[in-house]
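Each remark here refers to the structure printed beneath this line.
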Amino acid sequence: MSAIDTAIRAAAASISLDAVTKSYGSGVKVIPSLSAELRAGEFTVVLGPSGCGKSTLLHMIAGLEHVSGGKIRIGEREVQDLEPKRRGCAMVFQNYALYPHMSVFDNIAYSLRVAGMPKSQRLERVRGVAKMLGLADLLNRKPGQLSGGQRQRVAIGRAIVREPGVLLFDEPLSNLDAQLRHDMRVELAELHRRIRATTVFVTHDQVEAMTLADRILILNKGQIEQFDTPKAIYRNPASVFVAKFIGSPPMNILSATGDGRVLTLGDGQVVANSSHLGPCQLGIRPEDILVDAGDGTITGDVAFREDLGSHSVVAVKVGMETIRVATPFGADVDESPTIRLRFPPTRTHIFDPETGKAIAAGTENLTP
Ligand SMILES: Nc1ncnc2c1ncn2[C@@H]1O[C@H](COP(=O)(O)OP(=O)(O)O)[C@@H](O)[C@H]1O
Ligand SMILES: [Mg+2]
């Protein structure tokens with residue numbers, strides 16, 4: 001490896017956010033106080049609804065926005081006061097932000113040229129990246145002569161060509177159509193396996209989060225709702241917000257009341273045993289509900305069914321609530337207007353009705 005290579009190439013670095021805050025003007029705090037450790041080489045997806053502060057957070061890591069308070073460390077270095085170009089991050093934007101008058105080659109090579117890399121080496125590096133991203137035959141084209149997916153690949157190529165220690169993505173796939181989004185997800189996962197840069201990927205799309213992330217950081221109004229692996233978040237959502245945000249269709253959240261022995265739904269049907277006392281929100285995923293499963297069932301009326309090919313989703317009216325149940329495609333669940341449901345105890349979740357936070361105790365000791 002040459003001297004210039006070592007100067008540009010950075011090892012994957014951890015990112016440490018320590019009580020980071022952000023307010024715009026004198027108004028509201030977009031990020032009240034956020035602390036998190038993103039591990040070196042890890043793929044973190046920041047997931048949350050529009051306006052929750054995802055881009056703000058990413059821009060503060062990149063240095064495109066100042067922090068209002070707190071510290072950001074990349075590796076061992078405190079970076080919150082450093083210029084963007086000294087932080088070792090490369091960023092891919094939603095709108096690609098390519099130079100329209102430059103060729104694909106020059107777009108990708110730009111940062112290497114600015115860094116003073118000799119031409120022969122630039123050529124080699126750009127060719128390598130172009131090959132990896134399937135752009136080898138397009139190097140002489142201008143961005144205007146490319147499809148959306150190809151442009152996005154050029155933007156990614158431009159970011160990774162410097163082999164940065166930290167790669168930041170702000171909703172990079174949201175302008176692409178569904179098939180291309182899927183293909184690019186697969187490519188990004190593959191790319192990360194190869195280059196192992198610490199990656200922060202911002203999106204509001206839970207499928208992207210579930211499929212790409214080592215860990216998902218779920219953001220709600222600038223605060224962390226949960227930061228864990230996709231599996232842990234899916235299985236044990238820390239709050240109603242997370243439970244509803246992850247999963248399609250989302251987890252059913254039902255109003256229930258516990259008397260210390262059983263949980264009762266709003267219409268008076270006993271749904272399970274539980275030591276929970278007082279009102280609560282009972283959560284269960286559509287695919288975890290068993291249909292017509294003998295003892296301990298509740299009864300409801302089938303309202304409608306959506307056939308999705310791989311499975312069907314049946315909406316069942318129970319009192320004032322509508323419960324969504326995922327059933328195997330073509331199962332004859334709508335022949336009778338009434339249907340019996342069972343909630344397996346290990347698959348239920350009890351949430352605090354005021355705060356929405358999961359109450360750990362009580363979810364395990366439910367029995368039919
Ligand atoms: N330059 C700015 N001045 C004032 N408010 C801003 C500015 N940039 C973003 N905001 C506000 O901060 C909040 C978070 O924005 P943003 O980080 O872009 O959210 P997200 O990327 O999650 O959609 C929004 O309410 C937005 O209106
Ligand atoms: Mg944004």
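Structure notes:
- Of all residues in region 97-112, those that are open to solvent by 30 Å² or more (accessible area, probe 1.4 Å) and assigned to a helix (DSSP H, G or I) total 3.
- Within this structure, residue 50 fails the test of being assigned by TED's automatic domain parsing to the domain that holds residue 205, more than 8 Å from ligand 1 (Cβ to nearest atom) and hydroxyl-bearing (Ser, Thr, Tyr).
- Some residue of region 52-60 being on the phi < 0 side of the Ramachandran plot, surrounded by 16 or more Cβ atoms within 10 Å (Cβ to Cβ), assigned to a strand (DSSP E or B) and of a type in the set (Val, Ile, Thr): no
- Members of region 143-166 that are of a type outside the set (A, V, I, L, M) and under 24 Å from residue 179 (Cα atoms): 143, 144, 145, 147, 148, 149, 150, 151, 152, 153, 157, 158
- Region 303-323: number of residues that are in a strand (DSSP E or B) and open to solvent by less than 60 Å² (accessible area, probe 1.4 Å): 11
- Subset tally (residues that are among the basic types (Lys, Arg) and free of Cβ contacts under 8 Å to residues at least 24 places away in the same chain) for region 24-63: 0
- Members of region 71-96 found to be without any contact (Cβ under 8 Å) to a residue 60 or more places away in the chain and either within 16 Å of ligand 1 (Cβ to nearest atom) or in a helix (DSSP H, G or I) (or both), listed by number: 72, 84, 85, 86
The values are calculated or read from the model by the stated rules, or taken from the named source; none is laboratory data. Since the structure is predicted, the reported quantities are computational estimates derived from the model, not experimental observations. Here Cβ is always computed from backbone atoms with ideal geometry, including for glycine, and neighbour counts include all displayed protein chains. Surface areas here come from the heavy atoms of the whole protein model, side chains and all, with no ligands, DNA or RNA. Shrake-Rupley method; radii C 1.70, N 1.55, O 1.52, S 1.80 Å.
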